[in-house]
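K.L.:
This is the structure I have questions about; it appears just below.
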Amino acid sequence: MKANDMITLALSKGRIFDETLPLLKAAGIEVLEDPETSRKLILPTNHANVRVVLVRASDVPTYVQYGGADLGVTGLDTLIEHGGGYANGVVAAGLYQPLDLQIAKCRMSVAVRADFDYAAQVKQGARLKVATKYTAIARDFFASKGVHVDMVKLYGSMELAPLTGLADAIVDLVSTGNTLKANHLVEVERIMDISSRLVVNQAALKLKQAAIRRIIDAFEAALPAAR
Ligand code: AMP
């Protein structure tokens with residue numbers, strides 16, 4: 001099989017992989033190995049010319065942008081951070097974003113300790129210490145509000161930052177709100193709704209148009225709004 005005939009889809013393990021499987025099925029594609037039990041990073045499918053590569057969630061846009069994969073599924077949060085911001089909806093050159101897959105839905109929010117008066121601090125023009133993994137989104141959001149912030153970059157367990165005095169506020173993904181509640185934090189701003197997006201390498205879309213279009217169209221037809 002020539003490399004040019006192969007369609008490579010980049011997914012991350014867990015929620016995105018699990019929630020993409022039904023869409024793949026709608027496109028007639030079945031992944032033949034379970035990423036939770038297999039140690040393989042390249043998974044075959046029932047189509048000899050379609051394969052899935054397993055990459056870290058934050059690496060999906062990089063793989064697709066630079067052609068290591070033709071398509072990928074990634075959270076809007078990851079996509080915006082990859083592009084370093086969200087200027088005019090364009091996240092990165094060469095990365096085409098045809099579909100909101102409406103999976104892995106959650107929101108990006110600001111949260112503080114229950115005893116921290118966020119509204120009063122903002123009103124007073126206080127400088128806020130904000131801990132987050134999502135520095136581009138947080139920076140854009142507070143800049144748009146005219147709030148001065150000192151950003152502390154973290155890679156996980158953001159909820160700990162306000163509890164230990166590392167920061168006044170965090171910017172993190174919230175789904176049920178249970179994690180915040182368990183850590184005595186309250187959501188004080190909703191920055192944006194988040195869901196996973198299909199991303200496509202623009203050059204691949206030209207070179208392998210028929211095969212990629214077939215997948216995009218099948219995904220689109222399987223989305224809740226289309227039913
Ligand atoms: P929850 O307790 O349901 O509000 O979930 C919050 C925790 O799950 C936080 O640590 C988030 O970073 C993470 N989380 C929630 N939804 C998502 C998502 N769609 N993608 C990645 N992480 C998420």
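Residues are listed down the side, and each one gets a yes or a no for (1) farther than 29 Å from Leu185 by Cβ; (2) among the hydroxyl-bearing types (Ser, Thr, Tyr); (3) buried (at least 23 other Cβ atoms within 10 Å of the Cβ); (4) under 14 Å from the mean Cα position of the chain (by Cα):
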residue: Val60; (1), (2), (3), (4): no, no, yes, yes
residue: Tyr66; (1), (2), (3), (4): yes, yes, no, no
residue: Ala93; (1), (2), (3), (4): yes, no, no, no
residue: Gln102; (1), (2), (3), (4): no, no, no, yes
residue: Cys106; (1), (2), (3), (4): no, no, no, yes
residue: Phe116; (1), (2), (3), (4): no, no, no, no
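K.L.:
Going by the structure shown, is Thr78 closer than 29 Å to Asn183 by Cα, open to solvent by less than 70 Å² (accessible area, probe 1.4 Å) and assigned by TED's automatic domain parsing to the domain that holds Thr20?
P.N.:
In short, yes.
K.L.:
I've got another one for you. If Met192 satisfies all but one of (1) within 16 Å of the ligand (Cβ to nearest atom); (2) surrounded by fewer than 16 Cβ atoms within 10 Å (Cβ to Cβ); (3) over 18 Å from the mean Cα position of the chain (by Cα), what's the number of the condition it fails?
P.N.:
All conditions are met except number (3).
K.L.:
Sticking with this structure for a sec: Within region 141-172, can you find the residues that are touching a strand residue (DSSP E or B) at 6+ places or on another chain (Cβ under 9 Å), in contact (Cβ under 8 Å) with a residue 12 or more places away in the chain and open to solvent by 60 Å² or more (accessible area, probe 1.4 Å)?
P.N.:
If the condition is that a residue be touching a strand residue (DSSP E or B) at 6+ places or on another chain (Cβ under 9 Å), in contact (Cβ under 8 Å) with a residue 12 or more places away in the chain and open to solvent by 60 Å² or more (accessible area, probe 1.4 Å), then Lys145, His148, Asp150, Lys153, Leu160, Leu163, Leu166 are the ones that fit.
K.L.:
Now a separate question. Just for region 173-184: of the residues that are assigned to a helix (DSSP H, G or I) and surrounded by 14 or more Cβ atoms within 10 Å (Cβ to Cβ), which one is nearest to the ligand (Cβ to nearest atom)?
P.N.:
Among those that are assigned to a helix (DSSP H, G or I) and surrounded by 14 or more Cβ atoms within 10 Å (Cβ to Cβ), it is Thr179.
K.L.:
Just one of (1) of a type in the set (A, V, I, L, M); (2) closer than 26 Å to Gly85 by Cα; (3) open to solvent by 80 Å² or more (accessible area, probe 1.4 Å) trips up Leu207, so point out which.
P.N.:
Evaluating Leu207 over (1) of a type in the set (A, V, I, L, M); (2) closer than 26 Å to Gly85 by Cα; (3) open to solvent by 80 Å² or more (accessible area, probe 1.4 Å) leaves (2) as the failure.
K.L.:
Considering only residues that are open to solvent by less than 20 Å² (accessible area, probe 1.4 Å) and within 15 Å of the chain's Cα centre (by Cα), which ones fall in region 195-204?
P.N.:
Across region 195-204, the qualifying residues are Ser195, Ser196, Leu198, Val199, Val200.
K.L.:
Could you please find all residues in region 153-170 being more than 16 Å from the ligand (Cβ to nearest atom) and touching a Leu at 6+ places or on another chain (Cβ under 6 Å)?
P.N.:
Once the filter is applied, which keeps residues that are more than 16 Å from the ligand (Cβ to nearest atom) and touching a Leu at 6+ places or on another chain (Cβ under 6 Å), region 153-170 yields only Asp168.
K.L.:
Next question, about the same structure. Can you name the helices (runs of 4 or more DSSP H) wholly within region 63-153 that have at least 3 residues being in contact with a Phe, Trp or Tyr (Cβ under 7 Å, 6 or more places away or on another chain)?
P.N.:
Qualifying helices (runs of 4 or more DSSP H): 76-83.
K.L.:
Quick check on this structure: which one of Glu187, Glu220 is under 21 Å from the mean Cα position of the chain (by Cα) and assigned to a strand (DSSP E or B)?
P.N.:
Glu187
The values are calculated or read from the model by the stated rules, or taken from the named source; none is laboratory data. Predicted model, so just to flag it, every value in this text is computed and none were measured. Here the Cβ is made from the backbone with ideal geometry for all residues, glycine too, and neighbour counts use every protein chain on show. What goes into the accessible areas is simple: the full protein's heavy atoms, side chains included, and nothing from ligands, DNA or RNA. Shrake-Rupley method; radii C 1.70, N 1.55, O 1.52, S 1.80 Å.
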